[in-house]
Every structure is written in C-alpha cells, then in structure tokens.
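Comments concern the structure below.
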Amino acid sequence: MLLTAIAEPPLHLQVSSAGHAFVLVATGLTCAGLIGLALRSWMRTGSPLFLLCLIGGALGLLTEPFCDVLGQIYFREQGHPVILFTILGRGQHLWGAFAYAILIGLEGYAFSRLFVSRPARTRFWKLIAALITVNLAIEIPATRLGLYDYYGSQPFNLTGFPLYWAFTNLGGILAGAILAGCRDWFRGLRLLAVPFLMVSCFIGWELFTGWPVFAALNTDAGFPLTYPAGVVSIGLALAGLSLLARVFTVEESDEGVDEAPGVLVVDVDVDDPAVG
C-alpha cells in the first residue's frame, strides 16, 4: 500500500445546464423561504439564532474544497455560468451556498431546539434515520443531474452517491448540541460566534468520521481498503451520534423528568430567546 499523489478529478465533464438551472432555482427559493422564517423568528423572539445558523451553514461552503480533494468529489466547472470562488483548485457554485444554508444551517438550528426539549432516545434515532433518508433523496438525484461526481474507489457507491457520506454529512447535529448545551453562553454579542461554530462543526464532523475513507482513497490499495474504511467511518458516525444521544436525550420512561442517570439535564424553556 502506497500513498499516491492527489488523484486528478474528471475535469473534462460538462455541467448539465438544465440540471444546474433546476437546482439553483430550487435551492434559492428554499433558502429564501428559510430566511423569511428566520427573520420572523427574530422579530418574534428577539434572537437572530436561526438566521445566524443559516449564515453559518452557507459559510460552510468554504470548507467544501477540503472534502472534495480528500474525499474525491468533483463539482463540474466546464460550462458552469457562476463560480463563486476556487480553493485548492476546486471551484464552488452559488447553489452550493444555498444548499449548505439549508442542510447545515437548518439542521443545526432544528437540533438545537430538539436537544433543549430532551427528547426520547427513540425519537432522536428516528429523526436521524429520516435525515439520512432525506440526504439520500437529495444527493442521489443531484449526482444524476450532472452537477458533481464522486470518483476513485468510492465504497458503497451503488447509485453515484457513496452511502457513507450520508453519515459524514451530519455536522449540523453537533453544532445543535453545542448550542443547546451552552445556550447560556450564546447570548448578546456572543451570538456572532454561531456562524463560526456551524462551519467548524461541519468540517470537524466530516474529519472525525470521514478520515478513514479519506486516507484509504488516497492510496493505491483500491476497494479492499476503502470498503473496510467506509465501515469504520460509518461506525465513528454512529458512535458520535450515540454519545450525543446519551447526553441530550432520555429513555422513554424518563422523558420529562428532571434527572436521569448518565444524562446531562438541559433545563430550558424551549421558547427562550437564546435558542431562537
């Protein structure tokens, strides 16, 4: 097994004009709707938390090139009308900022609200399963629209979207947990730290869970190494989620009580302005 040079992406591939137009409009309208809801929440509660989560989600696009290079993803540039910026030789698109605001920003805000309510553990896992299903429902068609590609010896790549990414794309949940657990700190001017938290949690979760596959992809070992690495990455994601569940959820028999063994009690009013 040898470390190899950074694999060359399929630079020759052209962006699908129809696919790009559809995704740009769909993500742009959805993002605009969420911004409207966030502004309404700000006026209602006096807290801009929701809006700051969306901003932080959009800024998460700045970390995408690192995942692209390590995880061997290529967002097609040939024929693309708008490239927002280029880092590590990887151009990023406007619709990506909209998508990140939706997927990371909304995820972080929603789970911050969920965790302060101390949900039942089974409810948490059902939401995780639903979130992974939604991720698959978005990513699989998106790869078929000719916008981006996963290349190299990607494990569990049955549809064009390697399934392990559905587990490594959950960094917004970590941000939500921190917002819920440290809600007393995120007040006043300290709320301006929220966008940075969103970005850091996203890329932090990607590296925490994805490093086995990233390492395996960038060798010449191929599938005999990337498939076991994919299993380890999924296992790390499930372990991380289990830790969050242990801290921020309760067993069904304990739901609504003040204390539970092994559970950090987060006693808040869900309508508290500090949580949006």
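The values are calculated or read from the model by the stated rules, or taken from the named source; none is laboratory data. This one's a predicted model, so the numbers in the text were calculated from it and none came from an experiment. Every residue, glycine as well, gets a Cβ built from its backbone with ideal geometry; the counts of neighbours run over all protein chains shown.
Test of understanding: among L11, L88, which residue is surrounded by fewer than 17 Cβ atoms within 10 Å (Cβ to Cβ), in contact with an Asp or Glu (Cβ under 8 Å, 6 or more places away or on another chain) and on the phi > 0 side of the Ramachandran plot?
Selected residue: L88, the only one of L11, L88 that is surrounded by fewer than 17 Cβ atoms within 10 Å (Cβ to Cβ), in contact with an Asp or Glu (Cβ under 8 Å, 6 or more places away or on another chain) and on the phi > 0 side of the Ramachandran plot.
Being out of contact with any Gly (no Cβ under 6 Å at 6 or more places or on another chain) and crowded, with 20+ Cβ neighbours inside 10 Å narrows it down to one residue among L94, L114, L131; which is it?
Answer to the check: L114.
Residues being more than 18 Å from W211 (Cα to Cα) and either of a type in the set (D, E, K, R) or in contact (Cβ under 8 Å) with a residue 12 or more places away in the chain (or both): count how many of those fall in the stretch 173-201.
Counting residues in the stretch 173-201 that are more than 18 Å from W211 (Cα to Cα) and either of a type in the set (D, E, K, R) or in contact (Cβ under 8 Å) with a residue 12 or more places away in the chain (or both) gives 20.
Give all pairs with beta carbons closer than 8 Å in which a residue from the stretch 124-142 that is touching a residue at least 12 places away in the same chain (Cβ under 8 Å) and closer than 17 Å to L114 by Cβ meets a residue that is hydroxyl-bearing (S, T, Y) and buried (at least 17 other Cβ atoms within 10 Å of the Cβ); count only pairs at least 6 apart in sequence or on separate chains.
F124/T249
Looking only at the stretch 52-66, filter to residues that are aliphatic (A, V, I, L, M) and surrounded by 23 or more Cβ atoms within 10 Å (Cβ to Cβ); which one of those is nearest to the chain's Cα centre (by Cα)?
Restricting to residues being aliphatic (A, V, I, L, M) and surrounded by 23 or more Cβ atoms within 10 Å (Cβ to Cβ), the top hit is L61.
Consider L225 carefully, then state whether it is over 13 Å from the mean Cα position of the chain (by Cα), at pLDDT 95 or above and surrounded by fewer than 19 Cβ atoms within 10 Å (Cβ to Cβ).
When the stated conditions are applied, L225 does not pass them.
Residue check: is G60 touching a Pro at 6+ places or on another chain (Cβ under 7 Å), touching a residue at least 12 places away in the same chain (Cβ under 8 Å) and either over 20 Å from W165 (Cα atoms) or not basic (K, R) (or both)?
no
Residue-wise test of (1) modelled with pLDDT under 95; (2) more than 24 Å from A130 (Cα to Cα).
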{"site": "L13", "(1), (2)": "yes, yes"}
{"site": "S17", "(1), (2)": "yes, yes"}
{"site": "A21", "(1), (2)": "yes, yes"}
{"site": "G36", "(1), (2)": "no, yes"}
{"site": "G46", "(1), (2)": "yes, yes"}
{"site": "G56", "(1), (2)": "no, no"}
{"site": "L84", "(1), (2)": "yes, yes"}
{"site": "F111", "(1), (2)": "no, no"}
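Sort out which residues of the stretch 200-222 are surrounded by fewer than 23 Cβ atoms within 10 Å (Cβ to Cβ), assigned to a helix (DSSP H, G or I) and β-branched (V, I, T), and write them in order of number.
If the condition is that a residue be surrounded by fewer than 23 Cβ atoms within 10 Å (Cβ to Cβ), assigned to a helix (DSSP H, G or I) and β-branched (V, I, T), then I203 is the only one that fits.
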